[in-house]
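The values are calculated or read from the model by the stated rules, or taken from the named source; none is laboratory data. Note that the coordinates shown come from a computational prediction; the quantities given were computed from them, not determined experimentally. Positions of Cβ are backbone-derived with ideal geometry, glycine not excepted, and every protein chain shown enters the neighbour counts.
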Amino acid sequence: MVKLVLSIRSLDIGGAERQFIELVKHIDKTKFDVTVCTMYGGVQENIVKQIPNITYYNLRKKGRYDFIDFYKKYKRLLNEINPDVIYSFLGEMNLFSLWCKPKKTKLIWGFRASNMDLKKYGIVPQILFWLQKKLSKKVDKIIANSNASIDFHKRQGFFMDRAIVIYNGIDTDRFKKDEQKRVEFRKKYNLSKNDIAIGIVARIDYMKGYTVLTQAAKRLLKKYNNVYFFSIGGGDENIKRECVDILANFNNKRFIWLGSRKNVEDYLSGFDIVSSSSFGEGFSNAIAEAMSCELPCVVTDVGDSRLIVGDTGIVVEPNNIESLYNGLEKMIKSDIESLGKKARKRVEENFSIETMIKKTEKEIIKCAE
């Protein structure tokens, strides 16, 4: 049995966190003795605590600048466990896992991002990124969730010779169209059978292109009386205020901010189309989960979004209001239901949880040998 530590910064809402939790749930506990470590816990912590046959530690990091005490705690714990392999997710935990691991323990880093504009994120994320670049040769394996992520890190000077791609896995039992939830959602927001609900599922962040989306949305809302937009995700209030100003009278009348939601699938059942307006993605969970709920997607040509939608969606230029507007209008006029069924089938055949788990298990076992 392989002694495995799975570590991540937090268990808050996000794509990386969702994939991490799916891995913890579904990895074969007869092959792996699994310990889960987080820096901060998070709103989804109880989900992980309830997963059988794992050990969970919240190391309670006291904030961004709690370096020394956290280093000591994490190093002491890893020495006690003495794992064969650590698989860590995201920058801060990647670095501490390298610095704190026992000498003979193998280390896998998980990369999710591509085409990040680090200037938008302040000095600490830039330092973390630079340190990962400088130390990337010391890692035994890197698992990225997209080809775009590997290409991006190569361009930035990372050592990626030991990097591989394992696409995210979607829980198609959870993310499926629910007619009852659809009826409830559309009744709540007074949507008729002919009304078209377009959703975006993304944190409110510069990289997600909200200001581009709201400008395209405003034009569509003026032209089509039966079109509504819904945003799922919390985040930067300054960006939201900018979007509110753009939307003017449409704000919270026909462009509705739903905030963060744990049960995203319930809302997806009420939508007709999903849009992704990002400037940068790796593998977008939001797109694949929407497709799994029989929703055709209009996506920007970033990361592996084109690969995910295939011939079931529409791909537009990033950071281009006109292109996004045209793509959404074309989708509104398409056979939405037929494309949605094709989208679901594409996810089932290419991006299942089972495929992600099997490939990940194989790479961890190879690393441990």
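Select from the range 49-71 the residues that are part of a helix (DSSP H, G or I) and over 21 Å from residue 108 (Cα atoms) and list them in ascending order. First the steps, then the outcome.
Taking the range 49-71 and keeping what is part of a helix (DSSP H, G or I), we get 49, 68-71.
Correct list: 49, 68, 69.
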Those residues of the range 318-340 that are without any contact (Cβ under 8 Å) to a residue 12 or more places away in the chain, under 17 Å from residue 290 (Cα atoms) and either in contact with a helix residue (DSSP H, G or I) (Cβ under 6 Å, 6 or more places away or on another chain) or not charged (D, E, K, R) (or both) come to a total of 1
Looking at (1) touching a Gly at 6+ places or on another chain (Cβ under 7 Å); (2) under 24 Å from residue 139 (Cβ atoms), can you tell me which one residue 15 breaks? (1)
Tally of residues being surrounded by fewer than 17 Cβ atoms within 10 Å (Cβ to Cβ), without any contact (Cβ under 8 Å) to a residue 60 or more places away in the chain and hydrophobic (A, V, I, L, M, F, W, C) across the range 129-187: 5
Residue 341 passes all but one of (1) assigned to a strand (DSSP E or B); (2) under 17 Å from residue 177 (Cα atoms); which number fails? (1)
Which one of these does residue 327 not meet: (1) modelled with pLDDT of 95 or more; (2) farther than 14 Å from residue 200 by Cβ? (2)
Taking the residues in the range 22-42 that are part of a helix (DSSP H, G or I) and charged (D, E, K, R) as candidates, determine which candidate is surrounded by the fewest Cβ atoms within 10 Å (Cβ to Cβ). 25
List every residue pair whose Cβ atoms sit under 7 Å apart, with the two residues 6 or more apart in sequence or on different chains, where the first one lies in the range 204-222 and is without any contact (Cβ under 8 Å) to a residue 60 or more places away in the chain and the second, anywhere, is acidic (Asp, Glu) and surrounded by fewer than 19 Cβ atoms within 10 Å (Cβ to Cβ). 204/236; 205/236; 211/242
Members of the range 224-241 found to be on the phi < 0 side of the Ramachandran plot, touching an Asp or Glu at 6+ places or on another chain (Cβ under 8 Å) and either of a type outside the set (A, V, I, L, M, F, W, C) or not assigned by TED's automatic domain parsing to the domain that holds residue 254 (or both), listed by number: 226, 228, 236
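Residues checked against (1) in the same structural domain as residue 253 (by TED's automatic domain parsing); (2) under 24 Å from the mean Cα position of the chain (by Cα); (3) aromatic (Phe, Trp, Tyr):
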{"residue": "156", "(1), (2), (3)": "no, yes, no"}
{"residue": "161", "(1), (2), (3)": "no, no, no"}
{"residue": "164", "(1), (2), (3)": "no, yes, no"}
{"residue": "183", "(1), (2), (3)": "yes, no, no"}
{"residue": "187", "(1), (2), (3)": "yes, no, no"}
{"residue": "192", "(1), (2), (3)": "yes, no, no"}
{"residue": "195", "(1), (2), (3)": "yes, no, no"}
For the range 239-256, check the following and say yes or no: at least one residue is at pLDDT below 95 and part of a helix (DSSP H, G or I). no
What single numbered condition from (1) more than 26 Å from residue 359 (Cβ to Cβ); (2) of a type in the set (S, T, N, Q); (3) surrounded by 12 or more Cβ atoms within 10 Å (Cβ to Cβ) fails to hold for residue 46? (3)
Could you check the range 292-317 and list, in sequence order, the residues that are closer than 18 Å to residue 200 by Cβ, charged (D, E, K, R) and in contact (Cβ under 8 Å) with a residue 40 or more places away in the chain? 294
Can we say residue 69 is of a type outside the set (Gly, Ala, Ser) and either within 28 Å of residue 302 (Cα to Cα) or in contact with a Pro (Cβ under 9 Å, 6 or more places away or on another chain) (or both)? no
Every listed condition ((1) assigned to a helix (DSSP H, G or I); (2) touching a helix residue (DSSP H, G or I) at 6+ places or on another chain (Cβ under 6 Å)) holds for residue 217 save (2)
Residue 334 is checked against (1) touching a Pro at 6+ places or on another chain (Cβ under 9 Å); (2) part of a helix (DSSP H, G or I) and fails just one. What number does that condition carry? (2)
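Just one of 64, 9 is within 30 Å of residue 209 (Cβ to Cβ), surrounded by fewer than 22 Cβ atoms within 10 Å (Cβ to Cβ) and touching a residue at least 60 places away in the same chain (Cβ under 8 Å); which is it?
Only one candidate qualifies: 64.
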Given the criterion outside the structural domain of residue 21 (by TED's automatic domain parsing) and within 25 Å of residue 356 (Cβ to Cβ), identify the matching residue among 174, 112. 174
By residue number, the members of the range 222-246 that are surrounded by fewer than 20 Cβ atoms within 10 Å (Cβ to Cβ), of a type in the set (A, V, I, L, M, F, W, C) and in contact with a strand residue (DSSP E or B) (Cβ under 6 Å, 6 or more places away or on another chain) are 239, 244
